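What follows is one structure encoded as structure tokens, with my remarks underneath.
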Amino acid sequence: MPTAAMFANHENEVVGVDVNKMVVDALNAGEISIEEPGLQGFVKSAVEKGKLRASTEAEPADVFIIAVPTPITEDHRADLSYVEAATRAVTPHLKRGNIVIVESTIPPRTVQDQVCPILSQSGLTPGEDIYVSHCPERVLPGQILIELVHNNRIVGGINPISAQKSKEVYECFVKGEIYLTDATSAEMAKLMENTFRDVNIALANELALICERLGMNALEVITMANKHPRVNIHQPGPGVGGHCLAVDPYFIVEKAPEESRLISLSRKVNSGMPHFVVDQIIKLSGGKPRKLAILGVTYKGNIDDYRESPATEVIELLQRHDIELSIYDPHVADYPFPMARSLEEALISSDFAVILADHNEFKQLDSAKCAAWMSRPFVFDTKNCVKSSNELRVFKLGQYS
């Protein structure tokens, strides 16, 4: 949706295609279905100018951009059914000179081995009659409209002319550099961007596990180590979520399982952190809390996206301990578990609280009010975002000494 609105606000006629009629109807009314700063006005402007509309069916166009999800299966393999379905949906509408760009994050060789054979069913030859590329999205939720314009882009074509044609599509709004490469290198580059972060987060989380065993303060160790000019250890946390960091590394492991040992092990470390968080809650609360407040369920702060969020697994694990839970997130309206309507409702009579998302609302907690609502003012801060105070006793993940 941000990409569609960006093209539309740069004088392109854009049709957004989705299988969800509610999303289509909302967009045609100038409304959005996701939380992103500035996007509501941006979409409304494009719709009112007649540059953006939505449909449940694909139709002829000059450029087709495929930006559907690529979830993982239970055995951690890429589910390419959405990519394949979207490719099949545009194939009947292709004509000579069209450009097809896959923005979806995909395993290496997906464009060559899955997308191009489907497009060939049109009777047109990819790379000659039509131009095919992979251009992965590189944006941070909360800053998407800024980063779509100013971030560098990678465009990987199945041949040089495909890459060049696709580059020209993005030049209408991208102010960052646009680097050309082949499709498979672009696929792997996108995966490695997120895998790099996942591996480095795993190192910080593993340090937290080690320091807990040795009775040391991992946060102090990180602070001191980062005084070195070439060291930048991340902060430990409750795990890694979202549809990028928690998913993309598996696409590499799938293709080369014997070679991707470090990547695979890092995934195991980060995936195990919700269990560690629950163990710490039981330990810090002196057995187990009577009523526990869960503050934040998204995978990162100040967004409404809880896909692959470690908070969901923490909640599921806590339910096995028969603990009364009160869940609150000011950014999430629709969640699989019942939620409190306010921070006060979540904290009232609770004897322990755990922060699992670093929303601004939690960084600016009124310690006196929170302590007054709780029966015991204990807070376990897994995101290192709450300041200690006289009213609240704050435990930090990684701070064990």
- Task: Just name one of A58, Y299, V23: the one whose Cα is farthest towards the positive end of the charge dipole of the chain (beta-carbon charges, Lys/Arg +1, Asp/Glu -1).
- Result: Y299
- Message: For the chain, take the longest principal axis of its alpha carbons; what is the angle in degrees between that and the long axis of helix 310-319, to the nearest 10 within 0 to 90?
- Response: 50
- Note on the structure: Residues of the range 219-235 with backbone N under 13 Å of the label point set 7 Å from the Cα of I282 along Cα→Cβ are none
- Calculate, for S33 and E11, the FRET efficiency according to 1/(1 + (r/R0)^6) with r their C-beta to C-beta distance and R0 25 Å; round to the nearest 0.05. 0.50
- Note on the structure: Rounded to the nearest 5, the percent of antiparallel DSSP beta bridges in the chain equals 10
- Helix-only mean residue ellipticity at 222 nm for the chain, each DSSP H run of n ≥ 4 adding -39500 (n - 2.57), per residue, nearest 500: -11000 deg cm²/dmol
- Share, in percent, of DSSP beta bridges within the range 215-401 that are antiparallel, nearest 5: 5
- Note on the structure: Two pseudo-spin positions, 7 Å from Cα along C-beta at N20 and at M224, lie apart in nanometres by 4.9
- Expected max-MSF residue from D304, D334, D381 in the GNM of the chain (alpha carbon, under 10 Å) is D334
- Note on the structure: Here the residues of the range 18-39 lying in the modelled label zone of T56, meaning backbone nitrogen under 11 Å from a point 7 Å along Cα-to-Cβ, are 18-25
- Note on the structure: Listed residues K95, K300, K167; largest mean-square fluctuation, Gaussian network over the chain with Cα springs below 10 Å, found at K95
- Taking the Cα atoms only, what angle lies between the long axis of helix 81-90 and the longest principal axis of the chain, rounded to 10 degrees? 30
- Taking the alpha-carbon centroid of each part, what is the distance from the range 328-376 to the range 223-285 in angstrom? 26
- Query: Taking every eigenvalue of the Cα gyration tensor of the range 224-328, multiplying by 5 and rooting it, what semi-axes result, largest first, whole Å?
  - Reply: 28, 18, 15
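Cβ neighbours within 10 Å, averaged per peptide: list 31-40, 4-13 in order, most packed at the top.
Descending mean neighbour count gives 4-13, 31-40.
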- Only Lys, Arg (+1) and Asp, Glu (-1) charged, at Cβ; the chain dipole about Cα centre in debye: 1020
- Query: Under a point spin-label approximation (7 Å from Cα along Cα-to-Cβ), what is the E128-E259 distance to one decimal in nm?
  - Reply: 3.1
- Message: Taking the alpha-carbon distance from K255 and a cut-off under 18 Å, which lysines remain once sequence neighbours fewer than 8 residues away in the same chain are dropped?
- Response: K190, K268
- Among (1) 23.3, 72; (2) 22.5, 67; (3) 20.4, 66, the entry matching Rg and Dmax of the Cα atoms in Å as calculated here is (1)
- Note on the structure: To the nearest 0.05, the calculated FRET efficiency linking S342 and Q143 through their beta-carbon distance, R0 being 25 Å, is 0.35
- Förster-model FRET efficiency, 60 Å R0, K95 and N360, C-beta, rounded to 0.05: 0.80
- Sort out for me the Cα centre separation of the range 135-197 from the range 301-325, rounded to whole Å. 33
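Using unit Cβ charges (K, R positive; D, E negative) and no other charged atoms, how large, in debye to the nearest 20, is the dipole of the range 215-401 about its Cα centre?
640
Please state the charge dipole magnitude for the range 2-184, taken about the Cα centre, from unit charges on C-beta atoms (+1 on K and R, -1 on D and E), reported in debye and rounded to the nearest 20. Could you put the intermediate results ahead of the total?
Numbers: 15 positive and 25 negative charges, 67 e Å.
Using Cβ point charges on Lys, Arg, Asp and Glu, the range 2-184 gives about 320 debye.
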- Message: As a test, work out the antiparallel percent of DSSP beta bridges whose residues both lie in the range 41-146, rounded to the nearest 5.
- Response: 10
- Message: Between K49 and N200, what is the label-point separation in nm under the 7 Å Cα-to-beta-carbon projection?
- Response: 3.6
- Message: Output the 0 to 90 degree angle, nearest 10, between the alpha-carbon long axis of helix 183-214 and the longest principal axis computed from the alpha carbons of the chain.
- Response: 10
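FYI, it's all coordinate maths here, none of it is from the lab. Every value quoted in this text rests on a predicted model; they were computed, and no experiment measured them. Neighbour counts run over all protein chains shown; Cβ positions are idealised from the backbone, glycine included.
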